[in-house]
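Trainee: Pasting in a structure now, in structure tokens, and then I'll have a few things to ask.
The values are calculated or read from the model by the stated rules, or taken from the named source; none is laboratory data. Computed from a predicted structure; not experimentally measured. Don't worry about glycine lacking a Cβ; one is built from the backbone with ideal geometry, like all the others, and counts go over all protein chains shown.
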Amino acid sequence: MLRASPNGPVCASVRPGPLAGDGYTSPSIWRGDLITSINGSAVDLATFQTLVESLEVGSEIAIEYTIAPDRDAYSPVPVGDPEGTKQRVVVRLEARDQWLGTLAHPLRDGASIPAPGAPASPVGDAALPEGQFESLIVKKAQDVGIFAGDAVPAGGVSKLLTYLGGVGTSATDFNAMPLVAQVLRRPLSADTADKLVFELVKPASAGEMGAITALLSRVLDNPSLPDATMRLPRWIGPLADPGESAAARVQSEQLVRTLRDNVGVALAGDRDRALSNLAAIRRGLDMQAILSHQLSRLPAIEPELIAAASPHANDPPRADVPPDIRAGVQGDILYFEPGTAGENGAIGPLVVGGPGPNTYDMSKIARVYDVGGDDVYRYPPGEIVVDRAITTDAGNAVIKLRVGTRVVVDLAGNDTHFSDSDFHGPASGVLGLSILHDLAGNDTYRSTSQGSLAFGLFGIGLLIDDTGDDRYENLGPASGWSIGAGFYGAGLIVDRAGSDTYLGEKLTQGVGGPRGFGAVIDAGGNDLYRADGTNFPSAYGTPGVFLAMSQGFGIGIRNYAQGGVGAIYDLAGDDRYQAGEFAQGCGYFFALGLLHDAGGNDFYHGNRYTQGSSAHQAAGLLVDDAGDDIYWGMTAASQGAAWDQSVSMLIDRDGNDIYRAGGLSQGSAAQQGVGLLVDLGGSDRYIAPEGATQGASGDNTYHFEADQVFSFAALFDLGAKIDWYSSPRAEKTTIKLGGLNDQVPKSSNLFGLFVDE
């Protein structure tokens, strides 16, 4: 991929393909190298594209380029060096389609998330309704002369807002999440995106399946149920070819593993792995039918189990349990049913466990109804399959059907669920549905692997815990994508009561990958959320800091697929949130991160990109409704901070709060972003270094020369009480911040706004 520079076309990225790139480097060309000619002819951006498209697959092209003496593939803005060392590489063109994700595909018809009561409309036409603060922000920006007008540099804030709307719709993706696109379309009303989700979270927090289904359907943009014309793809359908289905699963799981350790699709230029990962991304084109089918089944799964099992809750222990079922259970079995297969797929074995302690091997049992006791559920590797006899032209045959639904209902006891194998549970919905409902007890859900603890991959994983002080744990060097994570699917935890502990390291506690929704809904209690482990070092090489990508984090796959929605909704209690980098309401690449705490005196601690932040065409929001809260953001980019065509907002509605942060914080934005901090009440303290903080913007080098727009940053403290600011900000004032650098306009720190009322 090339970009314009003062020196000519410069390499912006080297993706997997004929050059065997890893995103930044390749065995030949690196990001930052200046392209001088193709097949001996000088090129610019337009002629390069025209030339390549004119050649047939298999054609060889000779690329001449120069490299700088201080070659740096990770420089923020590559410009190339015309005086650098000349190099030449010859490559053979390959078919473009195999190297694409879903960004090249048009949006789905009717993709939308309308205002309450409004009809659905396409993403291209829909917009969020006006948020609580948009009119006030616009008026204050107009009052200080930065919103619009002939005298306002680069068109003012108004031009930036229109520009971001274009960013949100320009990179079309078949699996675009409307919430993400619409926040970019209406940045000053980003709070409405949270409001639309929160209105569905409140009824879902009661654990009722209809309300949960409504929440998932709205966020995933799958409101319609399947009809006769909507057919599942062959690789996931109930009568899918076992080999094809298994291959799809392996391919999809490999993609998840790649993206646990990398933001691109290739590791060290591994060609085969890149091709496999891209094929898995393109499987996401089937998501509309897959999700609609699964959402239509979700409300019935638990009632079907209860209807079959509850009449046997007081039966005596059975002595006639067959060996295949007995191999899966240690302890009393009151009732059992073998696995069966029918026209609509496979149903796995069912057991009703007795009132004493039982141990379950969930690689052998698909449905459990346990009436009591301190039980242990283990999730080792292994697939449950059921034989189905069919008649063919060649005679009778048997095919094996993979069990696509798992459900556990446990009525009482302090239970432990444990997994050390990827993608096997607890509540891992991989190419299917997995439901775990615990009604009572202080329970432990522990995993050391990826794809666990309410995880959905081309499926839905749902964990509901009604009462008790529970512990959710995903730790270790093999951990990730857990505790409410969705990746082409949904992973949801609903904890209805108790003071709970959530422990993870990376990609945990409400994570939404491409066309994914991952969330934790905690209805009460004084809870601890920690995603700050030692196994995943800082993305910036900062000693003692770790990479989290957690706690309401949405992420896409840069250059290949837009991301999803990751969220934490904590409805009550004095809570503590601790994380490393990229967390606590953070979005990355066409994705949305949400953290909404509805009550209590809360403490937030994180490093870079936390507490309502975003980077690279994304959106992040943190909303705290009440309480005396403490926000502590280390290093940089926190507390309403946006970077690179992104939108961020931190809203604190009440309480005497303390904000402490590093640079680019407390309502700040850079590289054509919008960053806002709004505090509505209390006597507050704001501590941050001078510079791009407390309503001031940062640099705009990335896109200014091409797009001629600046960023917008603002801090609004709207409480009537006395506040304190570390920077030169005065009480009861409205101040325009930043200025135009006439010599180097792209380095201007426009536009900034500070309001204290």
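Trainee: Can you pull out the residues in segment 637-647 that are on the phi > 0 side of the Ramachandran plot and surrounded by 24 or more Cβ atoms within 10 Å (Cβ to Cβ)? Talk me through it step by step, then tell me what you get.
Mentor: Of the residues in segment 637-647, the ones on the phi > 0 side of the Ramachandran plot are 637, 639-640, 644-645.
The answer is A637, Q639, G640, Q645.
Trainee: In segment 702-744, what count of residues is obtained for those that are crowded, with 17+ Cβ neighbours inside 10 Å, touching a Lys or Arg at 6+ places or on another chain (Cβ under 6 Å) and farther than 19 Å from L188 by Cβ?
Mentor: Counting residues in segment 702-744 that are crowded, with 17+ Cβ neighbours inside 10 Å, touching a Lys or Arg at 6+ places or on another chain (Cβ under 6 Å) and farther than 19 Å from L188 by Cβ gives 1.
Trainee: Among D679, D644, D657, which is in the same structural domain as E731 (by TED's automatic domain parsing) and within 23 Å of the chain's Cα centre (by Cα)? First the steps, then the outcome.
Mentor: Numbers: D679 fails: within 23 Å of the chain's Cα centre (by Cα); D657 fails: within 23 Å of the chain's Cα centre (by Cα).
Answer to the check: D644.
Trainee: Only one of T213, T192 is in the same structural domain as G556 (by TED's automatic domain parsing) and either of a type in the set (S, T, N, Q) or more than 23 Å from A567 (Cβ to Cβ) (or both). Can you tell me which? Walk me through it before giving the result.
Mentor: Numbers: T213 fails: in the same structural domain as G556 (by TED's automatic domain parsing).
Within the list T213, T192, the selection yields T192.
Trainee: Based on this model, can you work out whether N607 counts as surrounded by 24 or more Cβ atoms within 10 Å (Cβ to Cβ), touching a Gly at 6+ places or on another chain (Cβ under 6 Å), more than 21 Å from G513 (Cα to Cα) and of a type in the set (S, T, N, Q)?
Mentor: Working: surrounded by 24 or more Cβ atoms within 10 Å (Cβ to Cβ): yes; touching a Gly at 6+ places or on another chain (Cβ under 6 Å): yes; more than 21 Å from G513 (Cα to Cα): yes; of a type in the set (S, T, N, Q): yes.
Considered against the rule, which asks whether it is surrounded by 24 or more Cβ atoms within 10 Å (Cβ to Cβ), touching a Gly at 6+ places or on another chain (Cβ under 6 Å), more than 21 Å from G513 (Cα to Cα) and of a type in the set (S, T, N, Q), N607 comes out as yes.
Trainee: So, in segment 479-504, how many residues would count as being under 13 Å from the mean Cα position of the chain (by Cα), of a type in the set (G, A, S) and assigned to a strand (DSSP E or B)? Spell out how you get there, then give the answer.
Mentor: Here is the first cut: in segment 479-504, the ones under 13 Å from the mean Cα position of the chain (by Cα) are 480-492.
Next cut, of a type in the set (G, A, S) only: 480, 482, 484-486, 489-491.
Imposing the further condition that a residue be assigned to a strand (DSSP E or B) reduces the set to 480, 482, 485-486, 489-491.
The number of residues fulfilling the criteria is 7.
Trainee: Which of (1) within 17 Å of P6 (Cα to Cα); (2) touching a Ser or Thr at 6+ places or on another chain (Cβ under 6 Å); (3) of a type in the set (D, E) is the odd one out, the single condition E83 does not satisfy?
Mentor: Failed condition: (2).
Trainee: Is there any pair with a first residue in segment 629-642 that is under 9 Å from N607 (Cβ atoms) and a second that is of a type outside the set (V, I, T) and surrounded by fewer than 24 Cβ atoms within 10 Å (Cβ to Cβ) whose Cβ atoms are under 6 Å apart and which are 6 or more apart or on different chains, and what are they?
Mentor: T635/G662; A636/G662; A636/G663
Trainee: Follow-up. Do we have any residue at all in segment 453-462 that's assigned to a loop (DSSP other than H, G, I, E, B), within 32 Å of the chain's Cα centre (by Cα) and surrounded by fewer than 24 Cβ atoms within 10 Å (Cβ to Cβ)?
Mentor: Residues of segment 453-462 assigned to a loop (DSSP other than H, G, I, E, B): 453-454, 458-459.
Remaining after also requiring within 32 Å of the chain's Cα centre (by Cα): 453-454, 458-459.
Going one step further and asking which of them are surrounded by fewer than 24 Cβ atoms within 10 Å (Cβ to Cβ), we end up with none.
No, segment 453-462 contains no residue that is assigned to a loop (DSSP other than H, G, I, E, B), within 32 Å of the chain's Cα centre (by Cα) and surrounded by fewer than 24 Cβ atoms within 10 Å (Cβ to Cβ).
Trainee: Among the residues of segment 80-100, are any out of contact with any strand residue (DSSP E or B) (no Cβ under 6 Å at 6 or more places or on another chain), crowded, with 17+ Cβ neighbours inside 10 Å and small (G, A, S)?
Mentor: no
Trainee: Right, here's the next one. Looking at segment 178-216, which of its residues are more than 16 Å from I521 (Cα to Cα), surrounded by fewer than 24 Cβ atoms within 10 Å (Cβ to Cβ) and among the polar types (S, T, N, Q)?
Mentor: S189, T192
Trainee: For residues in segment 537-569 being assigned to a loop (DSSP other than H, G, I, E, B) and either of a type in the set (S, T, Y) or more than 18 Å from the chain's Cα centre (by Cα) (or both), which is farthest from L216 (Cα to Cα)?
Mentor: In the first step, residues of segment 537-569 are kept if they are assigned to a loop (DSSP other than H, G, I, E, B); the result is 538-545, 551-552, 556, 558-560, 562-564.
This time we only want the ones that are either of a type in the set (S, T, Y) or more than 18 Å from the chain's Cα centre (by Cα) (or both), so: 538, 540-545, 560.
On the way: S538: 32, Y540: 35, G541: 37, T542: 37, P543: 39, G544: 37, V545: 34, Y560: 24 Å.
Among residues in segment 537-569 that are assigned to a loop (DSSP other than H, G, I, E, B) and either of a type in the set (S, T, Y) or more than 18 Å from the chain's Cα centre (by Cα) (or both), the one farthest from L216 (Cα to Cα) is P543.
Trainee: Right, something else. Just to be sure, is D575 among the acidic types (D, E), under 16 Å from I651 (Cβ atoms) and either surrounded by 24 or more Cβ atoms within 10 Å (Cβ to Cβ) or in contact with a helix residue (DSSP H, G or I) (Cβ under 7 Å, 6 or more places away or on another chain) (or both)? I'd like the intermediate steps shown before the answer.
Mentor: Working: among the acidic types (D, E): yes; under 16 Å from I651 (Cβ atoms): no; either surrounded by 24 or more Cβ atoms within 10 Å (Cβ to Cβ) or in contact with a helix residue (DSSP H, G or I) (Cβ under 7 Å, 6 or more places away or on another chain) (or both): yes.
So D575 fails the test.
Trainee: Within segment 337-364, which residues are more than 31 Å from the chain's Cα centre (by Cα), under 12 Å from Y377 (Cα atoms) and part of a loop (DSSP other than H, G, I, E, B)?
Mentor: Correct list: P357, N358, K364.
Trainee: Looking only at segment 38-68, count every residue that is outside any loop (DSSP other than H, G, I, E, B), at pLDDT 90 or above and exposed (fewer than 14 other Cβ atoms within 10 Å of the Cβ) and tell me the total.
Mentor: Of the residues in that region, 2 qualify.
Trainee: Take residues that are surrounded by 20 or more Cβ atoms within 10 Å (Cβ to Cβ) and tell me which of the helices (runs of 4 or more DSSP H) falling wholly in segment 244-326 contain 3 or more.
Mentor: On the way: elements: 271-283, 287-309, 323-326.
Counting at least 3 such residues, we get 271-283, 287-309.
Trainee: Right, here's the next one. So in segment 161-185, with the set limited to residues that are of a type outside the set (V, I, T) and in a loop (DSSP other than H, G, I, E, B), which one is farthest from L621 (Cα to Cα)? So that I can check it myself, show each step before the final result.
Mentor: Filtering segment 161-185 down to residues of a type outside the set (V, I, T) leaves 161, 163-166, 168, 170-171, 173-179, 181-182, 184-185.
Of the ones still in play, those that are also in a loop (DSSP other than H, G, I, E, B) are 171, 173-177.
On the way: A171: 22, D173: 23, F174: 25, N175: 22, A176: 19, M177: 16 Å.
Ranking the candidates gives F174 first.
Trainee: Across segment 679-711, what is the total count of residues that are in contact with a strand residue (DSSP E or B) (Cβ under 9 Å, 6 or more places away or on another chain), over 16 Å from A730 (Cα atoms) and outside any loop (DSSP other than H, G, I, E, B)?
Mentor: 1
Trainee: Do you know which residues across segment 78-119 are over 22 Å from Y488 (Cα atoms), at pLDDT below 60 and aliphatic (A, V, I, L, M)?
Mentor: A115, A118
Trainee: Mind counting the residues in segment 208-243 that are assigned to a helix (DSSP H, G or I) and at pLDDT 80 or above?
Mentor: Step one: filter segment 208-243 for residues assigned to a helix (DSSP H, G or I), giving 209-219, 242-243.
Filter once more, keeping what is at pLDDT 80 or above: 209-219.
Qualifying residue count, segment 208-243: 11.
Trainee: How many residues, within segment 165-177, are farther than 16 Å from G284 by Cβ and either under 17 Å from the mean Cα position of the chain (by Cα) or crowded, with 24+ Cβ neighbours inside 10 Å (or both)? Give the steps one after another, and end with the answer.
Mentor: The initial filter retains those residues of segment 165-177 that are farther than 16 Å from G284 by Cβ, namely 165-170.
From what is left, the residues that are either under 17 Å from the mean Cα position of the chain (by Cα) or crowded, with 24+ Cβ neighbours inside 10 Å (or both) are 168.
Result for segment 165-177: 1.
Trainee: Give segment 18-37 a look and list any residue that's crowded, with 19+ Cβ neighbours inside 10 Å and of a type in the set (G, A, S), or say none.
Mentor: Once the filter is applied, which keeps residues that are crowded, with 19+ Cβ neighbours inside 10 Å and of a type in the set (G, A, S), segment 18-37 yields A20, G21, G23, S26, G32.
Trainee: Something else now. Scan segment 353-367 and give yes if some residue there is among the small types (G, A, S) and without any contact (Cβ under 8 Å) to a residue 24 or more places away in the chain, otherwise no. Please lay out each step first, then the result.
Mentor: So in segment 353-367, the residues among the small types (G, A, S) come out as 353-354, 356, 363, 366.
From what's left, without any contact (Cβ under 8 Å) to a residue 24 or more places away in the chain: none.
Scanning segment 353-367 turns up no residue that is among the small types (G, A, S) and without any contact (Cβ under 8 Å) to a residue 24 or more places away in the chain.
Trainee: Condition first: surrounded by fewer than 24 Cβ atoms within 10 Å (Cβ to Cβ) and touching a Lys or Arg at 6+ places or on another chain (Cβ under 7 Å). Can you find one or more residues in segment 581-598 that meet it?
Mentor: no
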